[in-house]
Amino acid sequence: MDKGKSLHFVSMDVPYPPNYGGIIDVFYKLKAFSNFEIEIDLHLFGFKERNIDIFKKYAKNVYFYKINQKSYYLLQRYPLSVRSRDGKLFYERIKSLKAPIFFESLKTTFVLNKYNLDDYPKYLRLHNVEQNYFFGLARSEKNIIKKALYYIEAKKYIDYEKIIYQFDEVFTLSKFEQNYTQKKFNKGKFIPVFHGNKSFQLLSEKGKFALYHGDLRTSDNRKVVSFLIDVFKEIDYPFVIASSTREDWVKSKIQNFKHIKFIKLKDFDHLKDLFENAHINISWSFQESGTKLKIINALFNSRFSIINKNVIDDKLISNLCIKVSDKSELIKAINKFKNQPFIASDEYVNTLEYYLNNQLNAEKILKQIFS
């Protein structure tokens with residue numbers, strides 16, 4: 001990489017602590033970018049200005065902009081998650097430095113509707129086909145008001161995604177999204193998720209329990225937890241549900257089952273301790289979700305991983321997992337592997353350490369931007 005390169009890096013949230021999927025990808029991508037000789041102007045949208053100093057080791061300048069979700073935005077044609085990330089100061093700082101702009105998700109792109117940045121090279125990290133994501137949330141949500149808002153947001157993204165035409169290139173998180181953007185917009189390069197793991201953790205061959213972890217503020221994840229509790233009612237094997245949220249809700253569901261336990265998740269180090277002791281990791285979704293970061297972390301740091309088809313659409317990664325499609329197949333898989341020793345093959349380790357190498361994948365993006 002040549003010296004003296006500059007880059008605007010625009011994040012849809014403050015990516016620290018890196019404790020949920022999209023933000024994990026943002027944080028470790030930023031960290032990988034900073035290892036190259038590039039001066040980064042980091043623009044952070046967020047609800048609260050927190051942990052800003054942590055980014056000074058990765059960026060030359062760090063700027064924060066408050067997300068403003070005003071009620072009348074709901075009446076406008078833009079998705080609320082886009083319209084709420086606005087700001088004249090953001091535009092002025094972009095204009096003060098002529099450099100390529102790297103946008104994290106469509107949520108950060110409202111500036112392109114309001115100001116002329118035609119002479120700036122623009123790149124997008126697409127985190128979802130947003131209308132699919134919000135339609136999925138609407139289907140899983142029980143609260144009628146939230147369900148309606150998610151549905152409206154999805155409908156707005158159907159029209160809004162035309163803004164993708166403005167980008168020089170789009171870097172997708174999944175093969176599904178790559179195929180979608182190539183077919184519809186004639187652009188799209190798949191770059192695997194950034195995750196922060198450097199090497200596969202060699203553990204003993206046996207763990208002690210099955211593990212599910214996730215953010216239970218999300219309706220799909222709550223639906224998954226209810227499903228898995230029903231699964232483990234039929235299995236005599238310890239099952240741990242780990243989350244930083246909804247402790248009382250989970251405990252009310254498992255109070256009659258001594259082999260099912262809730263653990264309140266403190267941070268990633270705490271999660272790694274759980275991975276170290278887990279024999280089986282389960283990742284499940286009732287909506288198509290590309291590649292979930294929770295599986296990447298489990299593959300690097302634990303033993304067996306059982307998934308359904310909605311969790312991963314990258315064959316190289318899904319081939320490292322045990323794939324099942326319904327409740328009966330999941331029960332059979334748990335009963336089959338709960339007593340089997342886990343031994344990782346060379347192919348397993350090499351796939352993780354080279355195909356999912358953060359530095360190599362960051363270099364692919366930066367070569368595209370600065371070629």
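The values are calculated or read from the model by the stated rules, or taken from the named source; none is laboratory data. A quick note: this is a predicted structure, and the numbers were derived from the prediction, not measured. Virtual Cβ from ideal backbone geometry, glycine too; neighbours counted across all protein chains shown. When the accessible area is computed, the model is the full protein with side chains, heavy atoms only, and any ligands, DNA or RNA have been set aside. Shrake-Rupley method; radii C 1.70, N 1.55, O 1.52, S 1.80 Å.
The fraction of Cα-Cα pairs per 5 angstrom bin, counted from 0 for the range 45-116, comes to 3, 14, 24, 26, 19, 9, 4, 1, 0 percent, rounded to whole percents.
The 3J(HN,Hα) values that the Karplus relation (6.51, -1.76, 1.60; θ = phi - 60°) gives for the range 125-138 are, in residue order, 9, 7, 8, 7, 7, 4, 5, 5, 4, 6, 4, x, 4, 4 Hz. Gly and Pro appear as x.
What the phi angles of the range 312-321 give under the Karplus curve with 6.51, -1.76 and 1.60, with θ = phi - 60°, is a coupling list of 9, 10, 9, 4, 4, 7, 5, 5, 8, 10 Hz, glycine and proline written as x.
A compact globular protein would have a Cα radius of gyration near 2.2 N^0.38 Å; the ratio found for the range 236-329 is 1.11. The slack between Lys146 and Lys5, meaning 0.36 nm per residue of separation minus the straight C-alpha distance, is 46.4 nm. Using a/c under 1.5 as the rounded threshold, could you call the range 74-208 rounded, prolate or oblate? The axes a ≥ b ≥ c are square roots of the C-alpha gyration tensor eigenvalues, and prolate needs a/b larger than b/c, oblate otherwise. Oblate, since a/c reaches 1.5 and b/c is not below a/b. In this structure, the amide hydrogen of Asn310, modeled 1.01 Å from its nitrogen in the peptide plane, lies closer than 5 angstrom to those of Ser285, counting only residues at least 5 positions away or on a different chain. Measuring nothing but protein heavy atoms, the accessible surface of the range 153-311 at 1.4 Å probe radius is 46 percent carbon and sulfur. Distance between the modelled labels on Phe227 and Lys327, one decimal in nanometres: 1.1 nm (7 Å Cα→Cβ projection). Remark: relative contact order (the range 10-116) = 28 percent; criterion is Cα-Cα distance under 8 angstrom and separation of 6 or more residues. The angle between the Cα long axis of helix 144-160 and the main principal axis of the chain comes to about 50°, on a 0 to 90 degree scale.
For the range 199-255 versus the range 258-272, the spacing of their alpha-carbon centroids is 9 Å. The angle separating the long axis of helix 358-370 from the principal Cα axis of greatest extent in the chain is about 20 degrees. Helix 175-185 and the longest principal axis of the C-alpha atoms of the chain enclose an angle of approximately 30°. Note on the range 1-56: along the principal axes its Cα atoms extend 35, 19, 17 Å, ordered by decreasing extent. Tyr165 exposes around 130 Å² of accessible area when a 1.4 Å probe is run over every protein chain in place. Suppose R0 equals 56 Å. What FRET efficiency, 1/(1 + (r/R0)^6) with r the Cβ-Cβ distance, do Lys208 and Asp118 give to the nearest 0.05? Rounded to the nearest 0.05, the efficiency is 0.45. Near the amide H of Leu211, under 5 Å away, which other amide H atoms are found, from residues 5 or more places off or on another chain, if H is placed in the peptide plane? Amide H neighbours of Leu211: Val240, Ile280, Asn281, Ile282.
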